[in-house]
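Asker: Once you've had a glance at the structure underneath, I'll fire off some questions.
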Amino acid sequence: MMEERAFTTKSVLFGLLGGLIITLFSGYNNAVLSQMDVVGNYLPLLGVFFICFLSFVWNLAAGRIAPRLALCHKELVVVLGMILAVCWIPGTGLYQNLVPQLVLPDYYHSVKPTWQEAGILDYLPRALFPRVGAERKLDEAVHMGFIQGAGGAINPAKIPFGAWLMPFVYWMTFVGLFAGATVGLALLVHRQWAHHEQLRYPLASVADALIVQSPGRRYGEIFSQRLFWWGMLPILGLYTLNYLGVWFPGRLPAIPMEYSVNLSPIFPILTQSDTFCLHWFWISYTIIGIAYFVPSDVGLSVGLTSAVGAAVGAQYYHLTGKPLAAPDLEVFRGGGYVAFALILAYTGRTYYGPVLMKAMGLGKRLAHERQSILAARVFLLAYAGMVIMLRALGMDLLIAFLYVSFMLLMFLVLTRLVCESGIPVLMPSWVPGDLLVKLMGPAAVGPGALVFIYFLGSIFTAGSKQSMMPFMATSFKVADDAKVRMSKFLGVLVSAMLVALVVGFCASLWYAYGYGSARTGGGELEKAVRHLFTLKDTGQLAAAAGTRGLAKLALFRADARVNTFFLTGLLVVVFAYVLRFRFSKWPIHPLLFLLVGTWTAYCTWASFLLGWVIKSLVVKLGGGRAYNQLKPLFIGIIMGELLACAGMILAAFIYRLVTGESPVPFSIIIG
């Protein structure tokens, strides 16, 4: 039997096509359709729809008409990898934050007297922003045209690309370094996580199940199993019924997905402590299906997050008389993330240490370490490049190093949580720059660095549901399982990203100048303004601005409250890991403490708990055999919800083409 080829003309072309569809349609959806996100999570809706179309419909038709056009398993792996490689760019990813943030600071500076008094723009390098002429002023065509739009599709010739050229070059340089550090780090930890620790990668398991093919068949094996259809069709029918109910209100019955119970009379302290989140829950069939594939301790821990959060919040209120504030929880999670990263480094020390040493030329390289050593070198060079570039843009070297370290640490732990728990809508719910300022004090950070790291946070770390590293980790796992050559795989992934970055940037400008851009997103810089006034009022502004390097340590001001919550988060996660290492049957995973009080936990706890109960009953009553036999059923349940989301978006697109109007959006929380 002839060996399957992964890198063929049709696999690369289909991968580029899928990436372009996601890149262009995401902007169109945000600017025009206003439906649920096209990507939305780490199981991208439109990407899954495209892969299902290729794996089943395309291959089934091509297998009968033109077999050479059908895609084999390895070719589908390449297509899937290229799609995942671009999903962090459009939608609620990079460009949703990056492009508007290059215009909004100038706009807010013109309408907010506090920004003018603080001189916020003086601390942001001019080269990073679009401008006309030598002076930095609000331009009618460049800035107001971007915010207000032309009221519809615009001739590309009317877009002021010249004003955006230099900012594009600067930002693509930094984004390229960020991508290099992220890809290198993801590939570096892959061997440890996938082979040494045997992580399950639930999202990779779901994605791979859609493209694995039976011998002698071109279409995916999963599509030939009845249990898959028994899982998918009822869920697809349920959402179709609810969607039609939006179009024909009052004529069709609706099956609710969210429920609430009034528990205030029973537990009044939960209302008083402002942690009353157990009264509401949302049923997500995607989450229920994913919970079937994750380890039992992970499913139980995520399911208990809201209960634990409510108990802790109530106890805190009982002791202090005040609700547990969201900023305190953010600092707590930041400490937990640092602890989680330290544990990851400790458990993989026998692998990471030698690889990093050999990456720096110390020690003899072994053949099987070549890939890891290359990944480590790319990571270290890109890491250093990010720090050097921030220093060149005016940030103090020490602060640049600390900020980049915190940022990459956050993405590392976020990726580990996604790979271990399979939560597709996971967000960190803390911002590295904000945590750094709180730990060191604004004077030690300095006014220039303070403003810049808050600005960078508004682009890379604040509120994004689509981070690059989890997508890359899923891609690497699927490719590794399919025995696809990783060096070539990385090449096509990088090519797809380069195309998406250029096309996505141009598309973002076209949509903004045509349809306008939202005037929101100044929250992070608003924090910087408040810190600048604090420095001015306390007489520290001049000293903070003139101090460099290690001399900044003299300005360090420890906040007892911040340090308490940070150290509490750190110690709680370390203690939870010690119990996990000491007792093999310990039922609680430390990720529980990283999710407490987050939007992710609020939306997913009930579905994870239900999925954990179902899995536990299946294993208890039917054993491992029944568990494996029912896997196609739960893959079908997941796909029923995801395909329903994608179908609703496509229906809205068709309706818009026919009528010229956008329908009322139908929200499914997983999207």
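Just so it is clear, none of the values below were taken in a lab; they were calculated from the coordinates. Note that the structure is predicted; figures quoted are calculated from it, not measured. Backbone-built Cβ (ideal geometry, glycine too); neighbour counts: all protein chains shown.
Asker: Can you give the charge dipole size of the chain about its Cα centre, rounded to the nearest 20 debye, using +1 on the beta carbon of Lys and Arg and -1 on the beta carbon of Asp and Glu? All intermediate terms of the calculation are to be shown ahead of the outcome.
Answerer: Details: 49 positive and 30 negative charges, 330 e Å.
Approximately 1580 debye in magnitude.
Asker: Summing +1 for each Lys or Arg and -1 for each Asp or Glu, what net charge is found among the other residues whose Cβ lies under 9 Å from the Cβ of Tyr454? Intermediate values should be presented prior to the final figure.
Answerer: Details: positive: Lys527; negative: Asp434, Glu524, Glu526.
Around Tyr454, the surrounding residues sum to -2.
Asker: I need the chymotrypsin sites (Phe, Trp or Tyr not before Pro) found in region 1-81, filtered to DSSP loop residues with at most 16 other beta carbons within 10 Å of theirs.
Answerer: On the way: sites: Phe7, Phe14, Phe25, Tyr28, Tyr42, Phe49, Phe50, Phe53, Phe56, Trp58; in loops: Phe7, Tyr42.
Passing both the DSSP loop test and the Cβ count: Phe7.
Asker: A further question on this structure: Just check the chain against the gyration tensor rule for me: Cα atoms, a ≥ b ≥ c as the square roots of the eigenvalues, rounded for a/c under 1.5, and otherwise prolate or oblate depending on whether a/b exceeds b/c.
Answerer: Details: a/c = 1.33, a/b = 1.21, b/c = 1.10.
Rounded.
Asker: Only helices at least 30 Å long along their own axis, judged from Cα atoms, and with Kyte-Doolittle mean hydropathy of 1.0 or greater: name those in the chain from DSSP H. If you can, show how the numbers build up before the last one.
Answerer: On the way: long enough: 161-191 (44 Å, 1.37); 226-247 (31 Å, 0.88); 326-347 (31 Å, 0.89); 370-392 (33 Å, 1.25); 397-421 (36 Å, 2.10); 486-515 (41 Å, 1.56); 560-582 (32 Å, 1.34); 599-629 (36 Å, 0.45); 631-659 (42 Å, 1.66).
Within the chain the helices that satisfy the rule are 161-191, 370-392, 397-421, 486-515, 560-582, 631-659.
Asker: Still on this structure: Place +1 on the Cβ of every Lys and Arg and -1 on the Cβ of every Asp and Glu in the chain, take the dipole about the Cα centre, and give the residue among Thr8, Gly231, Trp430 whose Cα lies farthest towards its positive end.
Answerer: Thr8
Asker: Region 526-588: which chymotrypsin sites (Phe, Trp or Tyr not before Pro) are DSSP loop and have at most 11 other beta-carbon atoms within 10 angstrom? Please list the in-between numbers first.
Answerer: Numbers: sites: Phe533, Phe556, Phe565, Phe566, Phe575, Tyr577, Phe581, Phe583; in loops: Phe556, Phe583.
Those that pass, being in a loop and sparsely packed, are Phe583.
Asker: If you keep only loop residues by DSSP, which GluC sites (Glu not before Pro) in region 122-229 have at most 12 other Cβ atoms within 10 Å of their Cβ?
Answerer: Values: sites: Glu135, Glu140, Glu197, Glu221; in loops: Glu135, Glu197.
Taking region 122-229 and a limit of 12 other Cβ atoms within 10 Å, the loop GluC sites (Glu not before Pro) found are Glu135.
Asker: Taking 45 Å as R0, compute the FRET efficiency from the Cβ-Cβ separation of Phe583 and Met357 and round it to 0.05.
Answerer: On the way: r = 34 Å, r/R0 = 0.75.
Efficiency for this residue pair is about 0.85.
Asker: Let me ask another. From the Cα gyration tensor of region 296-407, with a ≥ b ≥ c the square roots of its eigenvalues, which class applies: rounded if a/c is under 1.5, or else prolate if a/b is larger than b/c, or else oblate? All intermediate terms of the calculation are to be shown ahead of the outcome.
Answerer: Values: a/c = 3.91, a/b = 1.69, b/c = 2.32.
The shape class here is oblate.
Asker: So for the chain, averaging the separation of alpha carbon pairs under 8 Å that are six or more residues apart and normalising by length, what relative contact order in percent results?
Answerer: 30
Asker: Further question: How many nm is it between the label spots at Ile654 and Leu617, if each spot is 7 Å from the Cα in line with the beta carbon?
Answerer: 3.7
Asker: In whole Å, what is the distance between the alpha-carbon centres of region 545-568 and region 40-63?
Answerer: Cα centroid to Cα centroid, the span is 50 Å.
Asker: Could the peptides 158-169, 466-477, 420-431 be put in order, highest first, of the mean number of other beta-carbon atoms found within 10 Å of their residues?
Answerer: Working: 158-169: 15.7, 466-477: 26.3, 420-431: 23.7.
Most protected by this proxy first, the peptides run 466-477, 420-431, 158-169.
Asker: On alpha-carbon atoms, Rg over Rh for region 61-101 using Kirkwood Rh?
Answerer: Numbers: Rg = 16.4 Å, Rh = 12.5 Å.
A ratio of 1.31.
Asker: Using alpha-carbon positions, what is the distance between the centroids of region 478-519 and region 297-349, in Å?
Answerer: Comparing the Cα centres of region 478-519 and region 297-349, I get a distance of 34 Å.
Asker: Sticking with this one: What is the magnitude of the charge dipole of region 479-570 about its Cα centre, with +1 placed on the Cβ of each Lys and Arg, -1 on the Cβ of each Asp and Glu, and no other charges, expressed in debye to the nearest 20?
Answerer: That gives region 479-570 a dipole magnitude of about 200 debye.
Asker: Would you tally the net charge around Leu13, using a Cβ to Cβ cut-off of less than 15 Å, leaving Leu13 out, and scoring K and R as +1, D and E as -1? It would help to have the intermediate numbers written out before the result.
Answerer: On the way: positive: Arg5, Lys10, Arg68; negative: Glu75.
With Lys, Arg at +1 and Asp, Glu at -1, the net is +2.
Asker: Take the alpha carbon gyration tensor of region 489-584, find the square roots of its eigenvalues, order them as a ≥ b ≥ c, and report rounded if a/c is under 1.5; if not, report prolate when a/b exceeds b/c, else oblate. Could you put the intermediate results ahead of the total?
Answerer: Details: a/c = 2.29, a/b = 1.21, b/c = 1.90.
Oblate, since a/c reaches 1.5 and b/c is not below a/b.
Asker: Of the options Val613, Met639, Phe575, report the single residue whose Cα projects farthest towards the positive end of the charge dipole of region 517-660 (beta-carbon charges: Lys, Arg +1; Asp, Glu -1).
Answerer: Phe575
Asker: Give me the distance between the Cα centres of region 592-630 and region 75-103, rounded to whole Å.
Answerer: Computed from Cα coordinates, the inter-centre distance equals 29 Å.
Asker: Separate question: Out of Ala118, Thr415, Ala194, whose Cα points farthest toward the positive end of the dipole of region 9-659 (charges: +1 Lys, Arg; -1 Asp, Glu; placed on Cβ)?
Answerer: In region 9-659, that residue is Ala194.
Asker: Summing +1 for each Lys or Arg and -1 for each Asp or Glu, what net charge is found among the other residues whose Cβ lies under 10 Å from the Cβ of Ser205?
Answerer: Values: positive: Arg200, Lys477, Lys631; negative: Asp208, Asp481.
Net charge in that neighbourhood comes out at +1.
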